[in-house]
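Coordinate-derived values only; no laboratory data. Quick caveat, the model's predicted, so the values are computed rather than measured. For neighbour counting, all protein chains shown are included, and Cβ atoms are generated from backbone atoms with ideal geometry for every residue, glycine included.
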DNA sequence: ATGAAAGCGCTAACAG
DNA sequence: CTGTTAGCGCTTTCAT
């Protein structure tokens, strides 16, 4: 990290704090308004919740109340409403890393959709830690969220099952747990990986490394399975020593690439299972003074805005983050609004291989090879 | 947008919903526990809030209560506590675009720091819209947040001033408003721009375009001011027609670059005032079949992980996002915890010019030019 | 060492 | 057409 940790601090203005001037207008409540207008709190409540006509409240009192509310800058206390109504109009969003563009773009749609539907979102970044995630889930429960969208780092869905039992609506994104009775939405990770690795194979690559992410998570396992199956379909044996790594983070990509590049028979291609991993690949390859494509071909999961403008524009497997977020919201709100019981439907949205220039075509497949296995 | 909007849906498992099995354990409360143990709710409350010794509650009842709490999986209802205590341990985070890496990295630190301090964060993405922002702020008030961290899109701080009046602790990030009595923290935008543009000038550039972001926002104005002053310091006149654009988004960078590149006397360099803008520059330049550096030099505000691996590694002005977020939290929690009145200290954290290869050195400055102005 | 009761702000059943 | 009252789950006087 190049960044210097000092910071300077300029005092632009430091007027003295003056308690006498600090007229902190106390927040008005239905009680305040009731007193002002000379009606009961019930009536105020009815007007404010739009039930004026239902209860045939006289036009006069209604506008009096609305006027007072306006004047007193009234806004209903959502805490009190939530407590009373057992519905808070908040949903929890639990993701492993908000700084990862994949998740931040999902957060973006989720926030937008939630807002449209009148919900606020409580954001929890689990930092890829199961413990933090578990704490976050407990917390969200105590905050009475109406629902949950979660990309769990847990390897089994145990703690999620407990939650589901409690009957709190939830949907899992970018993961799926076979035993969990709740809808999930994620990319077609298997197919995406299959496409990518097949493409490498069809371009003549035989020594293809796979730098994987956090093991036992569905996206990782599915992608690795795609990697394997691509080999199988092309009648190639999988070289297990080429499947390396254990985290979706950049460092994993960096370290594993460094090691791979030092090998006696260096792989001709790398399949990076996430955007951050390929970032690490980029760093390692540059550090070794090598060039992507000429020296190693690379395909990465996750398309990025920058992918197209890299020294070697990167061939990637694009996910439809936007759609994933949208579907997740839809599934969640269905459960919340219609009190629909969760079913374990698994939505899988297709990926797309975006071919750019990071894969070198290696001479025609030798006769010998074409018969192998 | 290349993405196909269809999605397929695979039903992995769809066990029938069974209300009888669905034992939705009702949440336990202090009342439940009190009943279980045979004490009053008061005592339970005291134990659960750690005031057992203060009230000299007998060891026996205490462990009985703790045991019951454990067994019944009790967790205090934060809504009720918030209502009663007038403190919710939530803070609002309002930012213009959570998908922008700059803001998502700030969100990351804020979330982490908040969690450490026992706070949850409610995320609001204002989508660069003042109206959404205003709504979000009202909403957060009704949710009784204990504090606010906001990167306001508003051009004056009017709606923020109203809020500050209400006495809700807040700190502004990446913006500053002269009249707003609350601390702010942002980069030294002026100096960063000054450095960047000076560097361009010192490399011989005289036709330097500035693609700016949202006008009348402090980071934009400060950066443009830096652009101007860099010229002035080098005794160069500013060509007003070279200051273009009006948004921090990618499209703005794209469009303005397209136009700039078509000009009769095309600028030799572009100073892009944000990461997204330079992304647009990248796209436009590529589309025109030109090369960054050879055909146009570029410096962008905001360093990115990918900046170093671009076709032409980009010279950037790096901000210390991490520090900005941390300082913001510190300032906020100071106000919240110590009921410290807000002072309008403005924290400005330095930027760093990261020189890479996107700036071409243009022949020595001519004698004629060195005397100009 | 422990409880009863009031109240945070709101809504809804019940009662006119 | 409007009001009284109880209660959501919790904390906190004030009693004992």
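What do you get for the angle between helix A:250-262 and the principal long axis of chain A? Use alpha-carbon atoms, 0 to 90 degrees, nearest ten. So the helix axis and the longest Cα principal axis differ by about 0 degrees. By other beta-carbon atoms within 10 Å, ranking B:159, B:216, B:205 with the fewest at the front produces B:216, B:159, B:205. When only alpha carbons of region B:93-168 are considered, Rg and Dmax amount to 12.1, 33 Å.
The residue A:233 and residue B:294 beta-carbon pair, evaluated with R₀ = 45 Å, returns a calculated FRET efficiency of approximately 0.55.
Nearest 10 degrees is fine. How inclined is helix A:189-202 to the longest principal axis of chain A, computing both from alpha carbons? Relative to chain A, helix A:189-202 is tipped by roughly 30 degrees.
Both the radius of gyration and Dmax for region A:245-314 are 10.9, 35 Å, in that order, over alpha-carbon atoms.
Label-point spacing for residue B:356 across the identical copies (point 7 Å from Cα in the Cβ direction), in nm and ascending order: 1.2.
Taking the square roots of five times each eigenvalue of the Cα gyration tensor of chain A, the equivalent ellipsoid has semi-axes of 53, 25, 17 Å, listed largest first. In whole angstrom, region B:134-293 maps to an equivalent ellipsoid with semi-axes of 35, 18, 11, each derived as √(5λ) from the alpha carbon gyration tensor and ordered largest first. Once the mean of 1/r is taken over each pair of separate Cα atoms and inverted, region A:134-201 shows a Kirkwood hydrodynamic radius of 13.4 Å. Counting other Cβ atoms within 10 Å as a rough exposure proxy, the listed residues A:97, A:54, B:303 run A:54, A:97, B:303 from fewest neighbours to most. Here, P(r) means the percent of Cα pairs in each 5 Å bin from 0 to the largest distance; for region A:206-247 it is 6, 25, 32, 23, 11, 3. Modelled label positions at residue B:361 and residue B:72, each set 7 Å beyond Cα in the direction of Cβ, lie 7.7 nm from each other.
Working from Cα pairs under 8 Å separated by at least six residues, relative contact order for chain B is 15 percent. Using the empirical formula 2.2 N^0.38 Å as the baseline, the Cα radius of gyration of region A:96-221 reaches a ratio of 1.21. Going from the residue with the fewest nearby Cβ atoms within 10 Å to the one with the most, B:229, B:73 rank B:73, B:229. Put simply, the Cα atoms of region A:45-159 extend 60, 27, 23 Å along their principal axes, the longest span coming first.
List the relative contact order of region A:302-367 as a percent without decimals, with contacts defined as Cα pairs under 8 Å and 6+ residues apart. Answer for region A:302-367 is 46 percent. Using equal-weight Cα scatterers in the Debye expression, the normalised intensity of the protein assembly as shown in log10 at q = 0.10 Å⁻¹ is -1.11.
For region B:246-315 versus region A:133-195, the inter-centroid distance based on Cα atoms is 40 Å.
Among beta bridges from DSSP that stay inside chain B, the antiparallel ones total about 10%.
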